[in-house]
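*Asks:* Before we start, here is the structure in question, set down as structure tokens.
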Amino acid sequence: MHVTAIEYQTKGEKPIEKNVIVTDEFGKEIGRTYPKRARGLVKNGRAEYASDCEIRLLQRHTHAPENMEDFIMSNVINFNAREFKFDSTCDSNVGSRMVVNDKNGKVVEMYEIGDWNWSWTQIKCIKQLEPNIDYVFRFAMTGGHNDTNDAVSQFIIYEDNNWDDRFTYPLDKSRFKPVLSKRDESGLLRVYEIPFTTGETGNVTFLIVAQHAVARFMPALDNEAYSETEDLTYEQWWAERNKSFEADENSNNFGSWRNIDLSGAVISSGRMLKKILEKVPFGANIDLSGAVIDDNGDDDEFDADDFSKTPHGRMNEAIERIRAQYEAAPEGSAEKFALKEALETLQRY
């Protein structure tokens with residue numbers, strides 16, 4: 001597997017070129033690498049400087065694997081669920097480690113994290129790696145996106161508890177592109193290869209984050225194992241989802257109800273609000289900031305027959321979304337007061 005890494009001097013600067021020549025013991029050029037990687041090879045006894053811009057691999061290393069670029073540039077770390085745990089500093093973790101069968105029927109361990117509400121979930125792995133070495137962290141994932149386009153899905157790397165110097169890779173949408181993106185029975189499967197270089201200590205923390213969507217993380221198969229699986233990008237997946245929403249809307253299935261804006265609305269009774277929320281589809285955003293509920297118990301103006309009955313679980317899910325909004329609203333704000341009133345009203349029905 002060929003992996004290209006990029007080394008940065010400091011954040012915001014242009015990438016450093018791979019300008020250090022690597023030669024074998026006889027002086028024959030076998031590749032090029034980055035200055036930091038060259039220093040790491042010399043420091044760890046794998047090479048010596050032949051000049052300011054050339055390092056020579058020591059004899060015991062010149063008969064490394066045939067793909068010398070891989071030897072020079074990468075050590076691949078594949079996702080291992082047993083090495084991860086829920087982050088104890090996060091008090092809203094939701095999910096579980098589970099055993100499933102992959103596309104070939106092989107048993108694998110994976111993590112399923114996050115939910116369709118607003119539970120911020122983190123799983124964490126700390127590794128002691130070799131200092132000043134290029135690595136690649138590799139994993140496969142499904143999910144991590146939702147129908148309202150506001151999910152949080154991230155892969156974060158930092159060293160020595162230096163949170164301010166972290167690197168964050170957004171996995172939702174296509175802001176950081178996967179090396180493979182395939183159609184899966186769950187919708188969309190993506191394989192990521194995250195390049196990074198360790199510092200002076202090699203003590204690295206990997207953090208995976210999910211919110212407002214369920215995401216599943218598992219070891220990635222060899223790229224060739226996915227060759228017969230249909231390609232599907234996030235953009236193509238999203239276009240297909242939009243078509244299904246339009247079809248639902250045309251058939252009066254309320255498929256377009258992905259963002260429910262009730263901000264500033266005057267709702268004549270708690271029963272009316274309850275009936276409205278029973279129609280809210282799973283995954284929709286509900287904005288009740290500034291809403292007024294005039295709960296006089298008079299439902300004469302509301303025709304309940306206009307709404308079909310829906311599963312009780314949908315109502316519970318809608319209430320939980322409002323509860324999450326309430327808990328996140330600033331203390332003492334009008335929004336928090338309105339959301340509290342909405343919750344108390346609904347709980348009476």
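*Asks:* In terms of modelled amide H atoms, which long-range or inter-chain residues lie less than 5 Å from the amide H of residue 54?
*Replies:* 21
*Asks:* What does the charge dipole of the range 83-126 about its Cα centre add up to, to the nearest 20 debye, if the Cβ of each Lys and Arg holds +1 and the Cβ of each Asp and Glu holds -1?
*Replies:* 160 debye
*Asks:* Which whole-Hz couplings ³J(HN,Hα) result when phi for each residue of the range 89-95 is put into the Karplus expression 6.51 cos²θ - 1.76 cosθ + 1.60, θ = phi - 60°, listed in order with x for Gly and Pro?
*Replies:* Coupling constants for the range 89-95: 7, 10, 9, 10, 4, 9, x Hz.
*Asks:* Would you mind computing the Rg to Rh ratio of the range 174-224 from its alpha-carbon coordinates, Kirkwood style for Rh?
*Replies:* Details: Rg = 13.8 Å, Rh = 13.6 Å.
Rounded to two decimals, Rg over Rh is 1.01.
*Asks:* Per-residue HN-Hα couplings for the range 44-54, Karplus 6.51 cos²θ - 1.76 cosθ + 1.60 at θ = phi - 60°, whole Hz, x for Gly and Pro?
*Replies:* So the Karplus estimates, Gly and Pro as x, are 8, x, 8, 8, 9, 6, 9, 6, 5, 10, 8 Hz.
*Asks:* Dividing the alpha-carbon radius of gyration of the range 77-238 by 2.2 N^0.38 Å (N being the number of residues), what value is obtained?
*Replies:* Cα-based Rg divided by the globular estimate yields 1.01.
*Asks:* List, in order, the whole-Hz ³J(HN,Hα) value for each residue of the range 137-149 obtained from phi through the Karplus relation with A = 6.51, B = -1.76, C = 1.60 and θ = phi - 60°; use x for Gly and Pro.
*Replies:* Karplus-based 3J(HN,Hα) across the range 137-149 equals 9, 10, 7, 10, 8, 10, x, x, 9, 9, 7, 9, 6 Hz.
*Asks:* Can you give the charge dipole size of the range 77-238 about its Cα centre, rounded to the nearest 20 debye, using +1 on the beta carbon of Lys and Arg and -1 on the beta carbon of Asp and Glu? Don't skip to the end; give the middle numbers.
*Replies:* Working: 16 positive and 26 negative charges, 52 e Å.
Magnitude of the dipole: close to 240 debye.
*Asks:* Between residue 83 and residue 28, what is the FRET efficiency for a Förster distance of 41 Å, r being their Cβ-Cβ separation, to the nearest 0.05? Present the calculation step by step, with values, prior to reporting the outcome.
*Replies:* Values: r = 39 Å, r/R0 = 0.96.
Rounded to the nearest 0.05, the efficiency is 0.55.
*Asks:* Another question, if that's okay. Going by amide H atoms built from the backbone, whose H comes under 5 Å of the H on residue 78, apart from near neighbours?
*Replies:* Amide H neighbours of residue 78, under 5 Å, 5+ apart: 138.
Every read-out reported here was derived from the displayed coordinates using simple, explicitly stated rules and does not represent laboratory data. Source: prediction; values computed, not measured. Positions of Cβ are backbone-derived with ideal geometry, glycine not excepted, and every protein chain shown enters the neighbour counts.
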